[in-house]
Amino acid sequence: MPRTVASPPLTGPHAAWEQVAARLPELAFAEGAQAIIADLPPLAAGPDDLPDDQVKRAATVLGLLAHSYWRFGVARMYVSRNRDIPDRLPPAIKQPWQQVCRRLGRDGAGLTIEDWVFNNVTLSDLGRVGPAGEYRVEDAVIENLRPSIPVYGNQAEQVFTSAFFEINAAVTPMVGEVCGLARVIGEGGPDAHDEVCRILLVAAECARAATRSFRRVSPRGDSATFCDPVDWAKTLVTWTVPPPGYPTGPSGSATPLVHFFDALIGRTRYDSTLGVFAQELRGTQLPQKHRFFFDLVRELDLRGYVAGLAEVAPARHTAVVEAFNEAVTAFAGDVGFLGVHKGKVVNYLGVGTIVGRNQSTAHDQTFIADATWTEMAGKLQHARDERTGQAI
């Protein structure tokens, strides 16, 4: 999770990007949206032009402007929603976007889930935000959150983006716990297995907390966290899809929570379609700091440690195995995070396809005649099987 929210706006000449970004909700269905966005002044974003502490904000602003240039306007609601979208960008966006993405260590210009959500969500009540942008993770719930720069300004956008933030906030305790796990495994000792058990049970509870948060994304109109599946499909999640030739757009498969738990349980199989996709996103969507941290978690070889207790401490092995399997189940089981995710995603995708969202961020085509959202259910199940197969 970011340590701060409410990043300060860009300053100096680059404030021109902020001024147009602030108008995005009013431009969403305007005929002249492309012309207004393209009329931005040409500005460089190299180290001599844009301070380091503004690069992340610039990546967010430029990414939002790029996707809005591709997607905005009533006419684009009725073309073949994804394949007919031109892949050109005005130089005033494309060139600085490429520069800031390179400065962030990315191979190409693209909108990541960090740009779209984690660096673009703030608290609705700024009284809960400290002078330097600090906040309490306990306050990071859907009702308290909103996009810092909204694209459409509708409730579906507010709930869906805020849910990503809340879901991952639920797993925050594991950052410190897994550092303690590294010390326990490294030092050993007669009580090490008790501490490993405790940490695994914390991991299981974090996964359950994330599941409860995910369930709050509701298709029910009387819910305080209502995310209208039609509005969701016609606006926000079609907007996230870039044209062919650009890196994959923001996707749930790039959620830090998922990659953390895969590393913790020692997932080794990535043969499924979504497994291959997750590995691809690891290199294009995850920040370098996350990749480095998850590599360290995987190197702990927690699964190997637990299995090895069968020989050195057979009396204690059973309890640790049960805790490990509980963590796997809470993450990937039928009523765990990925099990609930499968049911909710398939239902939202089904509605989305019917109302015209015919392509995912991975550029997979979906058509009503093929009912491909049911095919997606099979892909999600295959990816879950690769995790539950890690149980001991």
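The values are calculated or read from the model by the stated rules, or taken from the named source; none is laboratory data. If you're wondering where the values come from, they're calculated on a predicted model, not measured in any experiment. With ideal geometry, Cβ positions are generated from the backbone for all residues, glycine too; neighbour counts draw on all protein chains shown. For the accessible areas, the whole protein counts, side chains as well, though only heavy atoms, and no ligand, DNA or RNA atoms are used. Shrake-Rupley method; radii C 1.70, N 1.55, O 1.52, S 1.80 Å.
Pop the C-beta distance of Ala30 and His290 into the FRET formula with R0 = 25 Å and round what comes out to the nearest 0.05. Kindly include the intermediate steps, with their values, before the conclusion.
Working: r = 36 Å, r/R0 = 1.46.
The formula returns an efficiency of 0.10 here.
Explain nothing, just the number: relative contact order of the chain, from Cα pairs under 8 Å at least 6 residues apart, as a whole percent.
Working: 590 pairs, mean separation 69.7, N = 392.
In percent, rounded to a whole number, it is 18.
Build a GNM of the chain with springs between Cα atoms under 10 Å: which of Thr255, Thr172, Thr122 gets the top mean-square fluctuation?
Among Thr255, Thr172, Thr122, the largest GNM mean-square fluctuation belongs to Thr172.
Between the alpha-carbon centers of region 140-171 and region 185-238, tell me the distance in whole angstrom.
Going from one Cα centre to the other spans 15 Å.
Run the simple label-point estimate for Arg128 and Asp191 please: 7 Å along Cα→C-beta, distance reported in nm.
If labels sit at Arg128 and Asp191, their model points lie 3.7 nm apart.
Note down the accessible area of Lys289, probe 1.4 Å, to the nearest 10 Å².
110
Across the chain, how many lysine pairs separated by 8 or more positions, or lying on different chains, have Cα atoms within less than 25 Å?
7
Between Ala45, Ala66, Ala35, which gets the highest mean-square fluctuation from a Gaussian network model of the chain, Cα cutoff 10 Å?
Among Ala45, Ala66, Ala35, the largest GNM mean-square fluctuation belongs to Ala35.
What length, rounded to one decimal in nm, is gained on full extension from Thr318 through to Arg102, with 0.36 nm per residue of separation minus their alpha-carbon distance?
Result: 72.9 nm gained on full extension.
Where nothing but the Cβ of Lys and Arg (+1) and of Asp and Glu (-1) is charged, how large is the charge dipole of the chain around its Cα centre, in debye to the nearest 20?
Value, rounded to 20: 600 debye.
Would you be so kind as to identify which of Trp116, Val175, Gly127 lies farthest towards the positive end of the dipole of region 107-204, taking Lys and Arg as +1 and Asp and Glu as -1 on Cβ and the Cα centre as origin?
Toward the positive end, the furthest listed residue is Gly127.
Treating the angle as unsigned and between 0 and 90°, give the value, to the nearest 10°, between the Cα long axis of helix 314-332 and the longest Cα principal axis of the chain.
That works out to roughly 20 degrees.
Rounding to the nearest 20 debye, state how big the charge dipole of region 270-352 is about its Cα centre with +1 on each Lys and Arg Cβ and -1 on each Asp and Glu Cβ.
So the dipole magnitude of region 270-352 works out to roughly 300 debye.
Determine the calculated [θ] at 222 nm for the chain from helices alone, applying -39500 (n - 2.57) to every DSSP H run no shorter than 4 residues and normalising by the residue count; nearest 500 deg cm²/dmol.
It comes out at -17000 deg cm²/dmol, rounded to the nearest 500.
For the chain, which whole-number percentage of the solvent-accessible area (1.4 Å probe, protein heavy atoms only) is attributable to carbon and sulfur atoms? Write down the numbers at each step before the final one.
Details: 9060 of 16610 Å².
Within the chain, the accessible surface is 55 percent carbon and sulfur.
Could you calculate the contour length gain from Glu299 to Asn347, that is, 0.36 nm times the residue separation minus the distance between their Cα atoms, to one decimal place in nm?
13.6 nm
Skip the ligands, DNA and RNA, and give the accessible area per residue of the chain with a 1.4 Å probe, whole Å².
Working: 16610 Å² over 392 residues.
On a per-residue basis, the chain sits at 42 Å².
At 7 Å along Cα-to-Cβ for each site, give me the label-to-label distance between Gln279 and Leu201 in nm.
3.6
Find, to one decimal place in angstroms, the Kirkwood hydrodynamic radius of region 282-347, where the mean of 1/r is taken over every pair of different Cα atoms and then inverted.
Its Kirkwood hydrodynamic radius stands at 14.3 Å.
If you line up the long axis of helix 155-169 against the longest principal axis of the chain, both from Cα atoms, how many degrees apart are they, to the nearest 10?
Here the helix axis deviates by roughly 30 degrees.
Tell me the label-point distance for the pair Glu375, Arg183, using the 7 Å Cα-to-Cβ offset, in nm and rounded to one decimal.
About 5.1 nm, to one decimal.
Could you give the length gained on full extension between Thr172 and Arg215, defined as 0.36 nm per residue of separation minus the Cα-Cα distance, in nm?
Here the segment from Thr172 to Arg215 would lengthen by 13.6 nm.
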